[in-house]
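Everything below concerns the one structure shown next.
The values are calculated or read from the model by the stated rules, or taken from the named source; none is laboratory data. The shown structure was predicted, so the numbers you read here are calculated from the model rather than taken from an experiment. Because the Cβ atoms are built from the backbone with ideal geometry, glycine has one as well, and the counts that use them run over all protein chains shown. The protein model used for the area step is the full one, side chains on, heavy atoms only, and it has no ligands, DNA or RNA in it. Shrake-Rupley method; radii C 1.70, N 1.55, O 1.52, S 1.80 Å.
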Amino acid sequence: MDVIFIQLLNGLDKGAAYALIALGLTLAFGTLGIVNFAHGVLFMLGAFCTVSVYKVLTISEKVLDESITFFKAYKEIPYLETWWGETGTMIIDYAVPISIIFAIPIMILVGIIMERGLIRHFYKRDHADQILVTFGLAIVIQEIVKHFYGANPIPIGAPEIVSGSAAIGVFLGLGENLVYPWWRMIYFVFSVVVIGGVFSFLKYTTYGMVVRAGMWDREMVGMLGIDIQRRFTVVFALAAVVAGLAGVMYTPIVAPDYHMGMNFLVLSFVVVVVGGMGSLPGAVVAGFMLGILESFSSMNEVKQILPGIDQIIIYLVAVAILLLRPRGLMGRKGVMED
Amino acid sequence: MNSQSKNKDIRLMAIFSVIVLTAPIWLEPLGASYPALLQKFAIFGIFAIGFNILFGLTGYLSFGHATFLGVGSYTAVWSFKLLSMNVIPGVIFGTILAGMLAVLIGYVSLRRSGIYFSILTLAFAQMSYNLAYSVLTPITNGETSLQLALDDPRIFDAARTASQGLPSTELFGLKMSGYPGFYFCAVVLIIAFYISMRIFRSPFGLKLRAIKSNQTRMKYIGFNTRPYLLWAFVISGMYAGLAGSLMAVTDPLAGAERMQWTASGEVVLMTILGGLGTLIGPIIGAGVIKYFENIFSAFNENVLHNIFSFLPDGLENVVVQVAGLFVGSGWHLTLGLLFMIVVIFLPGGIVEGIEKIRARFRRTSPASSSEKSE
């Protein structure tokens, strides 16, 4: 029971990342009809927002280290610490949450530039062209990031207070050795909040209602005198923000490097297809489902029966879904069924 | 008319063969005339020709062709390990096994079209890649990649090669390293090009093109498109397997990174850059990409300083800084940009570009001559 429960939890945080990225991907497809291979890059850019904020916060000066007496040793002390002492240390410790504030405007900007600058010209071209050009864009952005930050992963820790593990086993009465990292729990809660935010934005605001109407019948909404294009651009920016935030919060879990986006992109595409192209709830459900499935299949008991299953389970599910139910779990009837 | 076009084809073949076989000579001034790079040109040319048969003719964008490349490589190396160092069985087995895998993957993937087809092939490619790294390690040797070893059985010529350390690949005694290796690849390339030309000109090729332009209509007139698509997929998979086994011929080593999906992306790039759906385009694309990869990634700051030394000092440093972004390890940036530019402005690739320029000259020259005659 414990084992199953812990695998369920392990699947949740990965599933949360899949769901967040797939949500943006499917949002872009549902509104603009764009297959965006550069979406994984947005995730990566979010993670590198954190890296940048961390780097800015820890700009250091060289100070003579007085604890070493027999030669002149220097140590680096961030300016924040010399200026504000304890407060400064705390600010650096909270680099990840702080980056959220910076990541939102940056990602909005990136999203709008990307949509207005490039993707707008590809509405009328076929999906193959869209895939190709965004694939090229992804390479370009990755290489630029690599040029400035290097090719190695840059680890950044979560705030001290939540860097340990929570003894949820004791809390739930399931035994002492059932522990779960705090940060992963936070990641899960955070993703639920973001997903809830996006859904309520689309569901309960007039703006969101118009967007949904545009997804159903773009021409009709246009005839009613609404500039649906502008709203779709905003939605694309929103998708970029969601992917970016997913990246920001993911940095303490996996140290970001320049091609982390590509790894997630392939998986989130599979997630989108399983959930149904253009279906928002589909993307979320499929994201969590595949995350949990992956985590269950990496259990030793399962691997003994089917070796290597943990490596391919997601793709197997995708193949099965595409063949048996091409519109995906929750896809709309008649959308992209062939 | 028919015999005329046949003559044209013969001429094309002759010109192509001469160009390929004399490549070491005319590539000399470009600094690309050394065997390792020439072999790459030929191998990736074959890979791109094959990919073009699928993507160029039918419009089905596969993102998993690197799988067949990898399978071809692995099979060829295994053939070297188990049977003989002769390259012929290696190449044949590599091609056939890749073709068999293509039947399997194609049969499933071709049930869907458009983006779903791309995702399906991508899914299969990722599966094979992940498996090659994990469970299939006994076959693929995982991260250390599959290599020849001294104690390989090598049934047919163990006696001959046992005494001399690690043997090298050979064609009936002719060692397949350096220029002989290139000429072997070149001959295979010419044969591959000929087959691809025949496919382009055949009724089969015409049907594939019809599928690309309007598959629904084809189905409405009572035409079952699936077997033709499957054939195209298998043929292009076999081309990829052939290219993979040639890689193993020139360097008997096979690693799983050849199967990564970015490798599949590379062949898409080559085909698009050269000219999708044209005969010669993919080879040009493969050549251009491999050439610039080699040249650009060899550049470093010193070389750049030499090139821009004619500029004033301050300006020189700025230019070198900016240019440094695009060369050396940043070569992929150039590739990505080039790719975007081609997709945005020149969807027909280099071949279309040349054609456009030609058409412009043709349009102006008769006009000017008629003016003269008046």
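Rolling a 1.4 angstrom probe over the protein heavy atoms with all chains in place gives the stretch A:2-324 an accessible area of 44 Å² per residue.
If you take the Cα centroid of the stretch A:83-144 and the Cα centroid of the stretch B:55-127, the two points sit 35 Å apart. Between B:Ser62, B:Ser128, B:Ser33, the residue with the greatest mean-square fluctuation in the GNM of chain B (Cα pairs under 10 Å linked by springs) is B:Ser33.
Nearest 5 is fine: what % of DSSP beta bridges in the protein assembly as shown come out antiparallel, could you say?
Counting only bridges with both partners in the protein assembly as shown, antiparallel ones make up about 90 percent.
A probe of 1.4 angstrom, applied to the heavy atoms of all protein chains, finds B:Glu28 with accessible area near 110 square angstrom.
Picking from B:Ile190, B:Ser202, B:Phe233, whose Cα lies most toward the positive end of the charge dipole for the stretch B:2-260 (charges on Cβ: Lys, Arg +1; Asp, Glu -1)? Working it through, the farthest residue towards the positive pole turns out to be B:Ser202. Ligands, DNA and RNA left out, the 1.4 Å accessible surface of chain B is 66% carbon and sulfur atoms. Residues B:Val20, A:Val179 ordered from highest to lowest accessible area at a 1.4 Å probe: A:Val179, B:Val20. Of all lysines in the structure, those lying under 21 Å Cα to Cα from A:Lys62, and not within fewer than 8 positions of it along the same chain, are A:Lys72, A:Lys75. Working from label points 7 Å from Cα in the Cα-to-Cβ sense, the A:Lys303 to B:Gln321 distance is 4.9 nm. Comparing A:Phe122, A:Phe71, A:Phe37 in a Gaussian network model of chain A (Cα springs below 10 Å), the most mobile by mean-square fluctuation is A:Phe71.
In terms of accessible area, using a 1.4 Å probe and ignoring ligands and nucleic acids, A:Arg125, B:Arg209, B:Arg201 rank largest first as B:Arg201, B:Arg209, A:Arg125. Per-residue surface analysis assigns A:Lys75 an accessible area of about 90 Å², computed on protein heavy atoms at 1.4 Å probe radius.
For chain B, the membrane-span-like helix rule (DSSP H, alpha carbon extent of at least 18 Å along the helix axis, mean Kyte-Doolittle at least 0.5) picks out B:35-58, B:66-82, B:87-109, B:114-133, B:179-201, B:226-250, B:261-274, B:281-298, B:313-326, B:331-345; this says nothing about an actual membrane. Surface exposure of chain B, expressed per residue as accessible area with a 1.4 Å probe, stands at 46 Å². For chain A, the calculated P(r) over all alpha carbon pairs, in 20 Å bins from 0 to the bin holding the longest distance, is 28, 53, 17, 2, 0 percent.
What FRET efficiency, computed as 1/(1 + (r/R0)^6) with R0 = 60 Å and r the Cβ-Cβ distance, is obtained for A:Ala213 and B:Val187, rounded to the nearest 0.05?
Given R0 = 60 Å and the Cβ-Cβ separation, E is 0.45.
If only the Cβ of Lys and Arg carry +1 and only the Cβ of Asp and Glu carry -1, the dipole of the protein assembly as shown around its Cα centre is close to 3260 debye. Here the stretch A:215-307 has 63 percent of its accessible surface on carbon and sulfur atoms, given a 1.4 Å probe and all protein chains in place. Under the convention that each Lys and Arg Cβ holds +1 and each Asp and Glu Cβ holds -1, the size of the dipole of chain A around its Cα centre is about 1100 debye. Label point of A:Ser60 set 7 angstrom out along Cα-Cβ; within the stretch A:68-99, amide nitrogens under 11 Å from it belong to A:74-79.
Based on DSSP H segments of at least four residues, each scored -39500 (n - 2.57), chain A has a per-residue ellipticity at 222 nm of -23000 deg cm²/dmol. Compute the angle between helix A:228-250 and the longest alpha-carbon principal axis of chain A, please, reported from 0 to 90 degrees and rounded to the nearest 10. With both axes taken from Cα atoms, the answer is about 40 degrees. Only DSSP H runs of four or more residues enter the estimate; each adds -39500 (n - 2.57), and after division by the residues of chain B the mean residue ellipticity at 222 nm equals -24000 deg cm²/dmol. Estimated at the nearest 10 Å², the accessible area of A:Leu224 is 120 Å² with a 1.4 Å probe. Measuring r between the beta carbons of A:Glu86 and A:Phe148 and using R0 = 30 Å, the FRET efficiency lands at 0.40.
Judged by the ratio a/c of the largest to the smallest principal axis of the C-alpha gyration tensor, the stretch A:204-338 counts as oblate, that ratio being 1.5 or greater while a/b is no larger than b/c. Modelled spin-label separation between B:Arg201 and A:Ser200, with each label point placed 7 Å from Cα along the Cα-to-Cβ direction: 6.9 nm.
Shape class of the stretch A:236-296 from the alpha-carbon gyration tensor: oblate, with a/c at 1.5 or above and b/c at least as large as a/b. Normalising the average separation of contacting C-alpha pairs (under 8 angstrom, six or more residues apart) by the number of residues puts the relative contact order of the stretch B:230-374 at 22 percent.
For chain A, modelled as a GNM whose springs connect Cα atoms under 10 angstrom apart, the maximal fluctuation among A:Pro252, A:Pro155, A:Pro307 occurs at A:Pro307. The smallest convex shape that holds all Cα atoms of chain B, its convex hull, gives 200 Å³ per residue.
Peptide B:328-340 shows a mean partner chain C-beta count of 5 within 10 Å per residue C-beta.
With both labels modelled 7 Å from their Cα along Cα-to-Cβ, the B:Leu150 to B:Tyr107 distance reads 4.5 nm. Against the criterion of solvent-accessible heavy-atom surface with a 1.4 angstrom probe, B:Met259, A:Met223, A:Met185 sort, most first, into A:Met223, A:Met185, B:Met259.
A straight Cα-to-Cα reach below 19 Å connects B:Lys290 with the lysines B:Lys40, residues fewer than 8 places away in its own chain not being considered. Surface burial for A against B, with a 1.4 Å probe and both sides summed, reaches about 3500 Å² of accessible area.
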